[in-house]
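A.B. asks: Below is a structure I'd like to ask you about.
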Amino acid sequence: MSAEPRPSRRALPTALAAAGLFAVNAAITFRLFHIEYLREMGSIEAAYIGLARYILEHFPDFNWFPLWYGGIPYQDSYPPLLHFLVAAVAASGRLSPALAYHAVTAALYALAPAALFWAAWRLGASRTNAFLAALLYSLISPSCWLVREVRADTGGWFGPRRLVTLVHYGEGPHLAALLFLPLAIGLLHVALQKRRPLWYAAAALAIAAVVLSNWIGAFALALAVASYLLAGFARPWLRTAALGCAAYALAMPWAPPSTIATIRANAPLVGGRYVPDLRVEALFAAGLLLLAWVMRRLKWEPRIRFGVLFLYGTAYIALGAYWFHQRLLPQPERYHLEMDLAFCLAAALVAPRIPRLAALAVAALLIPVALHQHSMAQRMEQPIDIASTAEYRISRWLGRNLPGRRVFAPGSIGFWMNAFSDTPMLTGGFDNGMRNTFLQDVNYQIYAGDRQETALDWLEAFGCDAIAGGDPESGEVYHPIAHPEKLHGLRELWRDGPEVVYDVPRRSRSLAHAVGAAGLVRTRPPAYDSAGLKPYLAALDDPSSPAAQFQWRGPSAASIAGDFRPEHLLSVQIAWDAGWNARVDGRPRRTWADNLGQMVVEPLCSGPCTVELIYDGGAEMRFARWLSRLVLAAGALWILLARYYRPRATRSPSNS
């Protein structure tokens, strides 16, 4: 049974309830609206602030992103919706990216319970039930009550779990997805009920917004849609599939198949090695289908079935990991935020209609919790003098003194580097998006190994000119270089107390090198032993080889100039991707990947010549952009035609 349409005269109480939920949550995040930098220097929010700054300074060139992991396609850097929102707010309000980031994420945090309220109401819960469930979602985290580790990390049974993940861990994109996820389900339900173009378009945009916010939220959305279909609100499988295809087409330029493949390749290696277990997957699927079948046999209402199924899916992922150490998918512990949302949504949909007086009593009981969380928020949301930090000082020095030169920046220095400069790194802020997956092993070896020669060999092989940090007394948060003594004896480019930047010796500081075919790496060596690199490094250091002058023309374009012979190949220390094109005098030249995952160009030159490199993403990205534009234009045209023809179709005969 589906919910009956709400008359427009009841819109005001709904709006007031949503506004009240926003006010409660905004009071908790109030300080974030005007804090530029938090004292949480180990937070991954640094990378997101850096992405917003990059958008402001490089708009609209978002094909190649040269700052992380030796270069990656821009769409692999992170789902971009939040970063574009932050950049837009920063530009329109003339704010710094850091201040805009905190203001935007504070607003999204406060809006999320209002979105859950609206979705629960649209799915069939009473307005009182929906409001009370959203209020509970604002102030109570079921994961704190069910998981000891989460409770300890949050500060007790009544700790503000969402705020801890936002402030301490920097989960802004994840919380953005938790705002758009209930909106997407609510709009999907309304669209399938009303079958009007405007609602279909809104649902598609909301679904795309989840995908463009966070990958974990995107998987949770897929689980929610599956739960919705199994719940049997109707049998809109084909229409839902078409709507999902349209939503993906809108998001495809930022989440093409190649990016999805990259995430799938890297995700099992990030946050603890994940090995698929068919038994865990089969048990999950069997439980979901059995639960759906039993509830259908019992003739439970679809809204109840949906609430139970979505809760089952999220709880299986999160509690299975915490309680039984069973991993259904990579990083399952992070899904406890989705489980909290599902718990409160299920409470609104499953519980019988709650009298308003009882709801008011529960709300009154929650006042001390709100005051407690407000007090905790004030202690958590503390500003810092960013200029005093190691991350700021090192990033600014590198940006001024080694502009455009690639460095190895460990830990929180790497997180913050691009918030203050355009210094390219062999590290980065989103390991899931690393296109050259071999760098997972190489970077680990540089962090964990104890031999200076091995570390320097890998740094030279990947075009690094400096390595930052390493001193045990450094202000950097994580100190991930296990043997900082291996860097002793290197030439110091800069030192400020315990903060230090070391030189990586290289004959040529260019990212391109003319070598013979024999100089390329023949087989990929293990990261713990650089002996297999020696012929390649010897070719790079060969004084008889002509110089190859590499110069960036923009984030997605570069040139290589030199006096080359026909037998020369160009080893370009940029991660190879099929979207790169090379030309000499307008004529295409072949490119391919070497055994280190870097680019090789065959210039076929005899004498002075210039190779032009352009990254356009290739056929995949051209198709994705055109498909997205086509779907967007078709949706707009559909809405306009529907608005034009409906009055004519419903016109009474007397008026015709």
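A.B. asks: Just rank 299, 534, fewest to most, by other beta-carbon atoms within 10 angstrom. It would help to have the intermediate numbers written out before the result.
C.D. replies: Values: 299 6, 534 12.
Ranked by crowding around the Cβ, least crowded first: 299, 534.
A.B. asks: Can you give me the Kirkwood hydrodynamic radius for the range 41-112, using every pair of distinct Cα atoms, in Å to one decimal?
C.D. replies: Values: mean 1/r = 0.0795 Å⁻¹.
Final number for the Kirkwood radius of the range 41-112 is 12.6 Å.
A.B. asks: If you don't mind, another one. Can you tell me the Rg and the Dmax, both Å, for the Cα atoms in the range 386-503?
C.D. replies: 12.9, 36
A.B. asks: Calculate the translational D of the range 158-285 in whole µm² s⁻¹ from Stokes-Einstein, where the hydrodynamic radius comes from the Kirkwood formula applied to all Cα pairs, the temperature is 20 °C and the viscosity 1.002 mPa s.
C.D. replies: On the way: Rh = 16.2 Å.
Stokes-Einstein gives a translational diffusion coefficient of 132 µm²/s.
A.B. asks: On C-alpha positions alone, give me the angle between the axis of helix 215-231 and the longest principal axis of the chain, in degrees, nearest 10.
C.D. replies: 30
A.B. asks: Peptides 338-345, 351-358, 422-429: what's the order by average Cβ count within 10 Å, highest mean first? Please report the intermediate quantities before stating the final value.
C.D. replies: Working: 338-345: 26.5, 351-358: 11.5, 422-429: 24.6.
Answer by packing, highest mean first, reads 338-345, 422-429, 351-358.
A.B. asks: Read phi for every residue in the range 291-305 and hand back ³J(HN,Hα) as whole Hz from Karplus 6.51 cos²θ - 1.76 cosθ + 1.60, θ = phi - 60°, with x for Gly and Pro.
C.D. replies: 4, 4, 5, 5, 5, 5, 4, 7, 6, 5, 5, x, 4, 5, 4
A.B. asks: Moving on to the next point. Per the Debye formula with a single identical scatterer at each Cα and no solvent contribution, what log10 I(q)/I(0) holds for the chain at q = 0.05, 0.09 Å⁻¹?
C.D. replies: Cα-only, vacuum Debye calculation for the chain: -0.27, -0.82.
A.B. asks: If you don't mind, there's one more thing I want to ask. Relative to the compact-globule scaling 2.2 N^0.38 Å, provide the ratio for the alpha-carbon radius of gyration of the range 29-76.
C.D. replies: Ratio of Cα Rg to 2.2 N^0.38 Å: 1.40.
A.B. asks: For the range 262-267, just list the computed ³J(HN,Hα) in residue order, Karplus coefficients 6.51, -1.76 and 1.60, θ = phi - 60°, integers in Hz, with x standing in for Gly and Pro.
C.D. replies: 5, 4, 5, 6, 8, 4
A.B. asks: Let me ask something else. Restricting attention to the alpha-carbon atoms of the range 239-285, what are Rg (one decimal) and Dmax (integer), both in Å?
C.D. replies: 14.7, 38
A.B. asks: With angles folded into 0 to 90 degrees, how steeply does helix 356-365 sit against the dominant principal axis of the chain? Use alpha carbons for both and round to 10.
C.D. replies: 40
A.B. asks: Sticking with this one: Tell me, what is the percent relative contact order of the range 512-616, built from C-alpha pairs under 8 Å that lie six or more residues apart?
C.D. replies: Reported relative contact order: 30 percent.
A.B. asks: If you wrap the range 1-124's Cα atoms in a convex hull and average its projection over all directions, what's the area in nm²?
C.D. replies: On the way: hull surface 43.2 nm².
So the mean shadow area of the Cα hull is 10.8 nm².
A.B. asks: According to the Cα gyration tensor, what semi-axes, each the square root of 5 times an eigenvalue, does the equivalent ellipsoid of the range 232-336 have, listed from largest to smallest in whole Å?
C.D. replies: Details: eigenvalues 144, 108, 23 Å².
The three semi-axes for the range 232-336 are 27, 23, 11 Å.
A.B. asks: Where the centroid of each part is defined by its Cα atoms, how far is the range 535-583 from the range 592-628 in Å?
C.D. replies: The range 535-583 and the range 592-628 have Cα centres spaced 12 Å from each other.
A.B. asks: For q values of 0.23, 0.26 Å⁻¹, compute log₁₀ I(q)/I(0) with the Debye formula on a Cα-only model of the range 174-244, without solvent.
C.D. replies: For the range 174-244, the Cα-only Debye profile gives -0.96, -1.18.
A.B. asks: Let me ask you something else. Can you work out D for the range 512-616 in µm² s⁻¹ from Stokes-Einstein, where Rh is the Kirkwood radius over C-alpha pairs, the temperature is 10 °C and the viscosity is 1.306 mPa s?
C.D. replies: Rounded to a whole number, D works out at 114 µm²/s.
A.B. asks: Per-residue ellipticity at 222 nm for the chain, helices alone: DSSP H runs ≥ 4 residues times -39500 (n - 2.57), over residue total, nearest 500 deg cm²/dmol? Write down the numbers at each step before the final one.
C.D. replies: Details: 24 runs with 347 residues, N = 656.
Result for the chain: -17000 deg cm²/dmol, rounded to the nearest 500.
A.B. asks: Shifting gears a bit: Enumerate the calculated ³J(HN,Hα) couplings along the range 504-515 in order (Karplus 6.51 cos²θ - 1.76 cosθ + 1.60, θ = phi - 60°), each rounded to whole Hz, writing x wherever the residue is Gly or Pro.
C.D. replies: Taking θ as phi minus 60°, the curve returns 9, x, 9, 5, 10, 8, 7, 8, 10, 9, 7, 9 Hz for the range 504-515.
Just so you know, all these numbers are worked out from the coordinates, no wet-lab data involved. Given the structure is predicted, the values throughout are model-derived calculations rather than measurements. Positions of Cβ are generated from backbone atoms using ideal geometry, with glycine treated the same way; all protein chains shown enter the neighbour counts.
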